[in-house]
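First comes the structure, then the notes that go with it.
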Amino acid sequence: MAGPRYRVLLHADFADDLGQLPRNVARRILDAVEDRLGQAPDQYGERLRKSLHGFWKLRVSDYRVVFEILGTEVRVYGAMHRRQVYEKILRRLEQGWTGPRGPGRTGAPS
């Protein structure tokens, strides 16, 4: 398979998000971010509406990864349970982009 077409950048708090999740869930999310968002984020993700218009979500079980696509760059803002992700991401967006961290598994659980 060819290498990633998109450069995936992780928000500075992304590792903290993963650290709060069960290890197996964090691993699934990280694999999905690398495999899906690095190859075709617009095909695997869904557009968000309303207050998060312009952003995308990637569904991994009951968890959501919120990201934006800027040319060939994908900025991942966070990964959390679906019940809390949108409210927390809105607060994170108020602080602006703090990154990049990437590419690769920087700060990820093993």
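When residues in region 17-64 are screened for being over 11 Å from the mean Cα position of the chain (by Cα), in a loop (DSSP other than H, G, I, E, B) and within 19 Å of Tyr86 (Cα to Cα), 8 of them pass.
Contact map, region 17-28: first residue surrounded by 17 or more Cβ atoms within 10 Å (Cβ to Cβ), second residue part of a helix (DSSP H, G or I) and at pLDDT below 95, Cβ cut-off under 6 Å, separation 6 or more or different chains; the map is empty. Annotation: Asp35 fulfils all but one of (1) surrounded by 13 or more Cβ atoms within 10 Å (Cβ to Cβ); (2) closer than 16 Å to Arg5 by Cβ; (3) at pLDDT 95 or above; (4) out of contact with any Lys or Arg (no Cβ under 9 Å at 6 or more places or on another chain); the unmet one is (3).
The values are calculated or read from the model by the stated rules, or taken from the named source; none is laboratory data. Computed from a prediction, not measured in an experiment: that's the story for all the values here. Virtual Cβ from ideal backbone geometry, glycine too; neighbours counted across all protein chains shown.
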